[in-house]
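Computed from the coordinates by the stated procedures, all read-outs in this text should not be read as laboratory data. Model, not experiment: these values are computed from the prediction. Cβ placement follows ideal geometry from the backbone for every residue including glycine, while neighbour counts extend to all protein chains displayed.
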Amino acid sequence: MDREKAIEIVGKKIKGPRFQHTLGVVDTAIKLAEKYGANREQAEIAAIFHDYAKLLPISELKNILKEGQEDDSLLLYHPELWHGPAAAYILKKEFSIEDEEILNSIRFHTTGRSNMSLLEKVIYLADYIEPGRSFPGVNETRELAEKDLDQAVFKAISNTISFLVEKKAAIYPDTFEAYNSFVFNTDS
Ligand SMILES: [Fe+2]
Ligand SMILES: [Fe+2]
């Protein structure tokens, strides 16, 4: 699928600030892909579609996770996490996007996971640091993204876990595993 077609599809589903966010993620993902050697076209398509399911009602997301072959253990955790796997399922089914690297980068953009691929890191980080984002720690993560992809994703995952701990919210195991895999891979 080309960029124009993808943007047209997503533009019908996502409006306003959420669409601006998506465009910010697209620009950032392309820059990161070029800087760190990920495939530009995959990064672009993944970024355009990453929040495709973001605005679906919770009940619909729940049904998609139950009916699709997505990980329904997520249903025990915050609904904010559900739109990644739900989008992966819809994109495969309705738009015949079969590229598993693209689908995984969308699927795991809400949680991270152990040993993330280059494209998964690019999309996770682009979603976290796109220019429209403003929250504590984002500038530090942007600076790291200029220097070292792994350090930047590690920072984003660490911030997310700290934020959840602060709120006494549950933490999905994949997010811990992402954190641990960066600890193990960067301390050696
Ligand atoms: Fe998202
Ligand atoms: Fe997003």
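Results, tabulated for the structure shown:
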{"quantity": "Nearest-20 debye value, the chain charge dipole, Cβ charges on Lys, Arg, Asp, Glu", "calculated": "580 debye"}
{"quantity": "Residue exposure sequence - Leu103, Leu125 - by fewest surrounding Cβ within 10 Å", "calculated": "Leu103, Leu125"}
{"quantity": "Computed FRET value (nearest 0.05) for Lys93 with Ile58, which takes r as the C-beta separation and R₀ as 22 Å", "calculated": "0.65"}
{"quantity": "Label-to-label distance, nm, for residues given as Lys12 and Leu164 (7 Å Cα→Cβ offset)", "calculated": "3.4 nm"}
{"quantity": "Full-extension gain in nm, Asn139 to Gln20, via 0.36 nm per residue minus C-alpha separation", "calculated": "40.9 nm"}
{"quantity": "Projected label distance in nm at Glu100 and Leu76, using a 7 Å step from Cα toward the beta-carbon", "calculated": "2.6 nm"}
{"quantity": "Gap separating the Cα centres of segment 142-188 and segment 7-22, nearest whole Å", "calculated": "28 Å"}
{"quantity": "Two-decimal Rg to Rh for the chain - Kirkwood Rh, Cα set", "calculated": "0.94"}
